[in-house]
Amino acid sequence: MKKFFWVTLVIGLGIGLIGVYERLTTEHLQANYGSIIPWGLWVALYIYFVGLSAGAFLISSLVYVFQIKKFEPLGKLSVFVALVTLFMALIFIWFDLGHMERAWRVLLTPNFHSMMAWMVWLYTIYFLVLICEAYFLLRSDFLKMGGMWKIFSLGFGSQSSEGIARDRKYVRILGSIGVPLAIMFHGGVGALFGVVSARPYWHSGLYPIIFLISALASGGALITFIFIFIQKDKEKYSELIQSLGQLVLYFLAVDILFNISEILVGLYGAIPHHIEPFLTVMKGPFWWVFWVVQLCVGMMIPVLLLSYPKTKKNISFVFTAVLCVLVGFIGVRLNIVIPALASEEIKGLVEAYRSARFSTYYFPSLMEWLVSVFIISLGIFVFTLGLKFLPLQTKERI
Amino acid sequence: MAEDKDVHNGESLENVFSESIVSRKEFLKLTGLVSLGSLVASFSNVFSKQVEALELNSQKKHRWGMVIDLVRCVNCKACTVSCRSEHKLPPGVVYNPVVEEELGEFPNVRRRWFPKPCFQCEQPPCVPVCPVTATYKRKEDGIVVIDPHKCIGCRYCITACPYGARSFDFGEEYIADKGNDYNHIPSPEWGGVQGVREHGKAPIGTVRKCDFCLHLQDEEGNYTDLPACAKTCMGKAIHFGDFLDPESEVSKLLARRNTIRLKEELGTQPNVYYAL
Ligand code: SF4
Ligand code: SF4
């Protein structure tokens, strides 16, 4: 099992590198997005991972800010997951830029009328807060581990119980700052789409809220998934896993409610051009992403598994349910980004200029898939290393 | 690992927390401050945008625009072609396509068509979304431009334009043979400062659109020649001029003819009118 995992990871990194090479040498030439659908797979995966990060962070705040003791074993893990997923998300969006070397411009010459500038600033601050939080959380452990690890404590901190308590206090302050930050920056990602009034499919005040709720659902699912996956003594934590499953269920239920509202309001609007993206989602060439991936796998199966009394207490069913949520939400993210763009702004534009870049059909190219495989494998790799070497699961070694 | 045990033990955990100086009150204070601050910032930001828009209007020397006479347009697409050769546009980038649609059923059919440049909107939704102010509306004459040296290629502006006027330069080439000079002819945009067209160099990897042939303006901001499309138009359908000058051809046409603008209901106020 372990061997299989590593082999897959190495293969993923290997073939992914081909895509990265292609992307860096031929820029965007081999990508399949164009000028009608300017955003594709990478942007969808970016909001997917950024959502996982915000969700995981908010779960960690249950421990460090709201002090729910039951979730204590998840604390450090969630902070680390939030860091790694944010890192993955940022690489995705970085590869999506036309000029990667100009990314600094958003930080140094921002235009705060743009939601994108807000978003970049907020996630930079959030990133720093996360790093500080991880530092204070782990530095006493680093000291304890001794040797080379002491370097990571940067020469500060102590192992005494006062020292740990002090660190806890810092973590709590940072967490308190981080909570509104995570809400704002992920709400901001939603607003990035929501403010584009040229796309009625996005232009809704519900968007930032939907983004938040879906972040909590998918982030919660990821934490549950990882926790079950790495836990050797699952039975010991079976109660915790159950309540995690219920947490995911609640978030998912609210998310479904918002989505139904969004879709129904959209569909009942009588302006055909505004309804078009909704119909593309349901009846377009990728109807199955909505009906199968998003609805069945992402919502129905997990809701059933997590609410049926027999299955919700069973760890393997909870595991299946959260895995379904994780897969289904990729569909959710794809269906946010692409259908809104897959219609002509002016009727006849696609025929007026014949080019593959002017098409309302989009399927990611091989290069886009390979780059995605690379970034995801890299993320999993970094995460596994962290899990192996960082003191994330202090509890286990008692 | 003795201490680990301590932390794990419920009671001592409580101790750790009760020792913690940050209380619920302080949590509320912290989060409240952060949220309030950003709320104030975002609201004042939105309002300042409107003030800016008003200021912009008073500074204008010209308001360049077009009146496109649809009665005279014969759908020859010479404007599209001349624009491509003027700006040395690569495949996949188009500034002024002629949009067509077929109406009716045989035998009562006809095609309807109109050239569609960027409208240089008075209230351009593409401008505020740019995270780095690479695309902006010129104070002096209202032309909406994209600075190829600043654009990071995020393509947010493409999603925000309600008229599909923007394209991303993917760096495509007409001629497969890389050494062919034609692939590298510099575009005259921005006074040709970008130089030879090469990979990794703007305008490749940036968003591009019609800029009313800005490179044909002299230092005073007057046109030395008509924009390529208006100049080439064989039916004399594309009229170009200054809407602030009441004596200009476009102002007169606007007064005399029945005109429409596309998606008028959005309030973007395009500077391109179609005369019916
Ligand atoms: S037509 Fe589109 S690109 Fe041109 S100014 Fe208006 S919104 Fe911007
Ligand atoms: S693609 Fe360029 S011009 Fe358009 S919003 Fe992004 S940085 Fe601005």
Quiz prompt | In order through the stretch A:340-345: 3J(HN,Hα) via Karplus (6.51 cos²θ - 1.76 cosθ + 1.60), integer Hz, x for Gly, Pro | solution = 4, 8, 7, 9, 5, 6
Quiz item: If amide H atoms are built 1.01 Å from N in the plane of the peptide, which residues on other chains or at least 5 residues away come under 5 Å of the amide H of B:VAL99?
Solution: B:PHE114, B:LYS116
Self-check item: ³J(HN,Hα), Karplus 6.51/-1.76/1.60, whole Hz, each residue of the stretch B:259-276, x for Gly, Pro
Solution: 10, 10, 10, 6, 6, 3, 5, 6, x, 6, 6, x, 9, 10, 9, 10, 8, 8
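Local charge sum around B:GLN194 (other residues, Cβ-Cβ under 12 Å, Lys/Arg +1, Asp/Glu -1)? Write out the running numbers ahead of the final one.
Working: positive: B:LYS88, B:ARG197, B:LYS201, B:ARG208; negative: B:ASP147, B:ASP169, B:GLU189, B:GLU198.
In short, 0.
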Quiz item: Cα centroid distance between the stretch B:131-187 and the stretch A:333-392, in Å?
Solution: 21
Quiz item: Quick one: ranking B:ARG166, B:ARG63, B:ARG112 by accessible area, 1.4 Å probe, largest first, what do you get?
Solution: B:ARG112, B:ARG63, B:ARG166
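Work out the length of the dipole vector of the stretch B:59-275 about its Cα centre, built from +1 on the beta-carbon of each Lys and Arg and -1 on the beta-carbon of each Asp and Glu, and round it to the nearest 20 debye. Intermediate values should be presented prior to the final figure.
Numbers: 29 positive and 28 negative charges, 88 e Å.
The calculation lands at about 420 debye.
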Self-check item: Built amide H within the under 5 Å cut-off of B:ARG138, gap 5+
Solution: B:ILE143, B:VAL144, B:VAL145
Exercise. Take the Cβ-Cβ distance between A:ILE271 and A:ILE131 as r, set R0 to 51 Å, and report the resulting FRET efficiency rounded to the nearest 0.05.
Key: 0.65
Exercise. Whole number please: convex hull volume per residue, Cα atoms of the protein assembly as shown, in Å³.
Key: 183
Quiz item: Other chains near A:110-123: what is the mean number of their Cβ atoms within 10 Å of each residue's Cβ?
Solution: 5
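Could you order the peptides A:133-145, A:378-390 from most to least packed, using the average number of other C-beta atoms within 10 Å per residue?
Numbers: A:133-145: 21.5, A:378-390: 15.6.
Output ranking for A:133-145, A:378-390: A:133-145, A:378-390.
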Quiz item: Once amide H atoms are built 1.01 Å from N in the peptide plane, which residues 5 or more positions from B:ILE238, or in another chain, come under 5 Å H to H?
Solution: B:ASP69
Self-check item: GNM result for chain B, Cα springs below 10 Å: residue of B:GLU247, B:GLU264, B:GLU219 fluctuating most strongly
Solution: B:GLU219
Self-check item: Rough spin-label spacing in nm, given labels placed 7 Å along Cα→Cβ, for B:HIS149 and A:ILE315
Solution: 6.2
Self-check item: Backbone HN-Hα couplings from phi across the stretch A:271-283 [Karplus 6.51/-1.76/1.60, Hz, Gly and Pro as x]
Solution: 8, x, 5, 6, 7, 3, x, 5, 5, 4, 4, 8, 10
Quiz item: What is the Cα centroid distance between the stretch A:73-110 and the stretch A:195-273, reported in whole angstrom?
Solution: 21
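How much area per residue is accessible in the stretch A:2-389 when the probe is 1.4 Å and only protein heavy atoms are counted (Å²)?
On the way: 15490 Å² over 388 residues.
Here the per-residue accessible area is 40 Å².
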Quiz prompt | Dipole magnitude of the protein assembly as shown about its Cα centre (Cβ charges: Lys, Arg +1; Asp, Glu -1), debye to nearest 20 | solution = 1180
Quiz item: Once you list every other residue whose beta carbon is under 13 Å from the beta carbon of B:LYS252, what net charge do they have if Lys and Arg are +1 and Asp and Glu are -1?
Solution: -3
Quiz item: Against the longest alpha carbon principal axis of chain B, how many degrees, from 0 to 90 and to the nearest 10, is the axis of helix B:78-87 turned?
Solution: 60
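The values are calculated or read from the model by the stated rules, or taken from the named source; none is laboratory data. Just so we're clear, the structure is a prediction, and the values are computed from it rather than from any experiment. When we count neighbours, we look across all protein chains shown, and the Cβ atoms used for this are built from the backbone with ideal geometry, even at glycine. Just the protein is used for accessible areas: all its heavy atoms, side chains included, with ligands, DNA and RNA removed. Shrake-Rupley method; radii C 1.70, N 1.55, O 1.52, S 1.80 Å.
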